[in-house]
């Protein structure tokens with residue numbers, strides 16, 4: 001629930017940028033219960049890092065709902081990974097490599113953020 005709460009605070013109070021790791025778009029198995037009412041208030045750059053097998057948000061669902069966000073949105077997908085970023089063994093990607101990829105994506109995102117005025 002941390003990313004959801006942070007995004008709600010950022011929508012209300014602003015931020016330079018927002019990195020959301022495994023955003024819980026909806027409860028697993030309940031895609032009709034979206035958690036996006038505050039998305040239009042997000043006017044800063046937003047990075048979503050998510051597994052392609054995340055039961056809280058499929059890539060298609062996340063892309064569709066992220067269109068409500070006013071700031072620039074980017075995505076980092078972890079192939080075959082679940083909500084905890086654990087990829088399938090058959091992917092050839094180790095959990096460590098998946099997490100290293102997420103960390104690198106967040107660092108690159110933060111480095112691209114506009115400097116505070």
The residue from 31, 45, 40 that alone is more than 23 Å from residue 110 (Cα to Cα) and over 11 Å from the mean Cα position of the chain (by Cα) is 31
Is there a residue in the stretch 81-95 that is part of a strand (DSSP E or B), under 20 Å from residue 107 (Cα atoms) and in contact with a helix residue (DSSP H, G or I) (Cβ under 6 Å, 6 or more places away or on another chain)?
no
Filter the stretch 5-52 for residues that are in a helix (DSSP H, G or I) and touching a strand residue (DSSP E or B) at 6+ places or on another chain (Cβ under 8 Å); the one that is surrounded by the fewest Cβ atoms within 10 Å (Cβ to Cβ) is 6
Note on the stretch 14-38: residues closer than 15 Å to residue 68 by Cβ and either touching a residue at least 40 places away in the same chain (Cβ under 8 Å) or touching a helix residue (DSSP H, G or I) at 6+ places or on another chain (Cβ under 7 Å) (or both) are 18, 20, 23, 25, 34, 35, 36, 38
Reported set for the stretch 53-68 where residues are in a loop (DSSP other than H, G, I, E, B) and within 12 Å of the chain's Cα centre (by Cα) is 54, 56, 57, 58
Residue 85 vs (1) closer than 26 Å to residue 12 by Cα; (2) in contact with a strand residue (DSSP E or B) (Cβ under 7 Å, 6 or more places away or on another chain): all pass except (1)
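Each reported figure results from applying straightforward, stated rules to the coordinates on display, with no laboratory input. Just so we're clear, the structure is a prediction, and the values are computed from it rather than from any experiment. All Cβ positions, even for glycine, are placed from backbone atoms using ideal geometry, and neighbour counts span all protein chains on display.
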